[in-house]
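Chemist: Below is a structure I'd like to ask you about.
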Amino acid sequence: MHEAAKELKTSHYVGTTGLYIGTFDPFTKGHESIVSQALNIFDNVAIIIVDNPLKGIPVFTQYDRLTMIAKIYRDIPNIFQAECRTHSEIADMFKIFNSNSVIRGIRNESDYTYEVKVKRFYENLYEVGLNFVYFLADIKHQHISSSLAKERILSGDCASEFLNESISDFAEREIRLFYGKEKSYEKEIKEET
């Protein structure tokens, strides 16, 4: 079993838990909106980070994404986060949280079409009968996706428009470094010598 899953086993979960599974590269205000809505239905929300090879190489490591999410929800005890590297580890999460509920967010028609495929994929992959609970992104954040946030930050927009202020400076710097739009401290030192 994955290390994060081992740590989660020692925690105590009371009530219902919905698993919010995604890449969250980075975790946006739109994602926060979905979590807020989910907490109206579930006692707990487990945010599960898993990489999707179809989305390319993530800007942030799984550790960085876990750290950012933990920072956003540091004062909310019924939000949990974990990382998974394989689909068998996701199956472990359903067992650990004693849940068969998957939280998904929808912004528009193309998201709906994508979510139909995701639902089929999960149902074919996992033995447990899953319940999918869909939330519409609130109007204010409907336009925000992780890809758009990265694109707009690279164009010079303020990260806090798309991301929680507690992570926006770090995320903006990392996005610019990843795409070569900002010199890293190490590069500056090498250039000076």
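The values are calculated or read from the model by the stated rules, or taken from the named source; none is laboratory data. Just so we're clear, the structure is a prediction, and the values are computed from it rather than from any experiment. Cβ coordinates were reconstructed from backbone atoms using ideal geometry, including for glycine residues, and neighbour counts include every protein chain displayed. Ligands, DNA and RNA are stripped out before the accessible areas are found, and what is left, the full protein with its side chains, is counted by its heavy atoms. Shrake-Rupley method; radii C 1.70, N 1.55, O 1.52, S 1.80 Å.
Chemist: Compute the length gained on full extension between residue 16 and residue 177: take 0.36 nm times their separation in residues and subtract their Cα-Cα distance, giving the result in nm to one decimal.
Modeler: Details: separation 161, 0.36 × 161 = 57.96 nm, distance 3.97 nm.
Residue separation times 0.36 nm, minus the Cα-Cα distance, leaves 54.0 nm.
Chemist: Just need the Rg to Rh number for region 12-104, please, alpha carbons only, Kirkwood Rh. Don't skip to the answer; put the middle values down first.
Modeler: Values: Rg = 12.5 Å, Rh = 13.4 Å.
Radius of gyration relative to Kirkwood radius: 0.93.
Chemist: Evaluated at 37 °C with a viscosity of 0.692 mPa s, what Stokes-Einstein diffusion coefficient in µm²/s does the chain have when Rh comes from the Kirkwood expression over alpha-carbon pairs? Display every interim value, and only then the final one.
Modeler: Working: Rh = 17.6 Å.
Stokes-Einstein gives a translational diffusion coefficient of 186 µm²/s.
Chemist: Which ³J(HN,Hα) values, rounded to whole Hz and listed in residue order, are derived for region 88-102 from phi using the Karplus coefficients 6.51, -1.76 and 1.60 in 6.51 cos²θ - 1.76 cosθ + 1.60 with θ = phi - 60°, glycine and proline given as x?
Modeler: Those phi angles translate into 5, 5, 5, 4, 4, 5, 4, 6, 4, 8, 6, 9, 10, 9, 10 Hz.
Chemist: Just list whichever of 55/181; 119/140; 71/95; 95/140; 150/181 have alpha carbons separated by over 23 Å in the model shown. Could you put the intermediate results ahead of the total?
Modeler: Values: 55/181 21 Å; 119/140 26 Å; 71/95 26 Å; 95/140 35 Å; 150/181 12 Å.
Those over the limit are 119/140; 71/95; 95/140.
Chemist: For the chain, what is the charge dipole size about the Cα centre, in debye to the nearest 20, if Lys and Arg each add +1 at the Cβ and Asp and Glu each add -1 at the Cβ?
Modeler: Details: 23 positive and 29 negative charges, 69 e Å.
That gives the chain a dipole magnitude of about 340 debye.
Chemist: What length, rounded to one decimal in nm, is gained on full extension from residue 126 through to residue 154, with 0.36 nm per residue of separation minus their alpha-carbon distance?
Modeler: On the way: separation 28, 0.36 × 28 = 10.08 nm, distance 3.80 nm.
That pair, residue 126 and residue 154, stretches by 6.3 nm at full extension.
Chemist: For residue 55 and residue 138 in the same chain, what is the full-extension length gain: residue separation times 0.36 nm, less their Cα-Cα distance, in nm? It would help to have the intermediate numbers written out before the result.
Modeler: Working: separation 83, 0.36 × 83 = 29.88 nm, distance 2.41 nm.
27.5 nm is the gain from fully extending residue 55 to residue 138.
Chemist: What accessible area per residue comes out for the chain, rounded to a whole number of Å², with a 1.4 Å probe?
Modeler: Details: 10860 Å² over 193 residues.
In whole numbers, the chain has 56 Å² accessible per residue.
Chemist: Over all directions, how big on average is the projection of the convex hull of the alpha-carbon atoms in region 101-179, in square nanometres? Please report the intermediate quantities before stating the final value.
Modeler: Numbers: hull surface 27.0 nm².
Computing the convex hull of the Cα atoms and averaging its projections yields 6.8 nm².
Chemist: Give me a comma-separated list of calculated 3J(HN,Hα) values for region 28-42, in order, Karplus coefficients 6.51, -1.76, 1.60 applied at θ = phi - 60°, integers in Hz, x for any Gly or Pro.
Modeler: Couplings: 9, 5, x, 4, 4, 4, 5, 4, 4, 5, 5, 5, 6, 10, 9 Hz.
Chemist: Now a separate question. Carbon and sulfur atoms: what percent of the 1.4 Å accessible area of the chain do they account for?
Modeler: Answer for the chain: carbon and sulfur cover 51 percent of the accessible area.
Chemist: Along region 14-27, what does the Karplus equation 6.51 cos²θ - 1.76 cosθ + 1.60 (θ = phi - 60°) give for ³J(HN,Hα), rounded to whole Hz, x for Gly and Pro?
Modeler: 3J(HN,Hα) across region 14-27, in whole Hz: 10, x, 8, 10, x, 9, 9, 9, x, 7, 6, 10, x, 6.
Chemist: At 20 °C and 1.002 mPa s, grab the translational diffusion coefficient of region 68-117 from Stokes-Einstein with a Kirkwood Rh over Cα pairs, rounded to a whole number in µm² per second. Spell out each step's value before the answer.
Modeler: Details: Rh = 13.4 Å.
For these conditions, the coefficient is 160 µm²/s.
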